[in-house]
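In what follows, a structure is listed as structure tokens, so that the remarks can point back to it.
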Amino acid sequence: MKYTITQERLTAKEYIDFLKKTDLGSQYPKERFEQRIDTLVNRVSISLVARDEAGEIIGVCFGITDFAYWLFITDLGVVREHTGKGIGKALVRKLHELAGGTDNIIMYTCVNENAIPFYEKIGMWKPNDVMVYNHVEWTDFTVE
């Protein structure tokens, strides 16, 4: 399958429509969902989009970075029909490259339990040096 990966900003509507076709849509809280998605797509440091030959969005990867030391993958999703084809791996590789590359940048992410095997397969592991401060109201729901 042929696809291209480009750095581009999606609209909140485009991203929400994409989430409906992936398993990524269950990672967000219900509270102020559309407002927060709009902020995400407009402010994330790096926004990558994979499109098929027809121009349809088949994968998305967002990251926040300082471009010097670290990169945090905030979002990585591939349309369900296209998983297992290397798209997610290619998106992560491109994100890491744009942030500063493997020689400079440490990459982190928070993952759904079902995604752990993917991240382990691309060489990531569970760290012991991460702290969390979370007092956010969070009602689970799935974007449908």
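Read the figures in this text as sums done on the coordinates, not as results from a lab. Remember, predicted model here, so these are calculated numbers, not experimental data.
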key: Partner aspartates and glutamates for Lys21 [C-alpha distance under 13 Å; skip if fewer than 8 residues away on the same chain]   = Glu56, Glu81, Glu144
key: Value of [θ]222 nm, deg cm²/dmol, for the chain, DSSP H segments ≥ 4, -39500 (n - 2.57) each, nearest 500   = -7500 deg cm²/dmol
ask   = So what J values fall out for region 102-108 if you push phi through Karplus, 6.51 cos²θ - 1.76 cosθ + 1.60 with θ = phi - 60°, rounded to Hz, Gly and Pro as x?
value = 5, 6, 10, 10, 8, 10, 10
note = Relative contact order in percent for the chain (Cα pairs under 8 Å, 6+ apart) equals 28
ask   = How many percent of Cα pairs in the chain exceed 29 Å?
value = 12
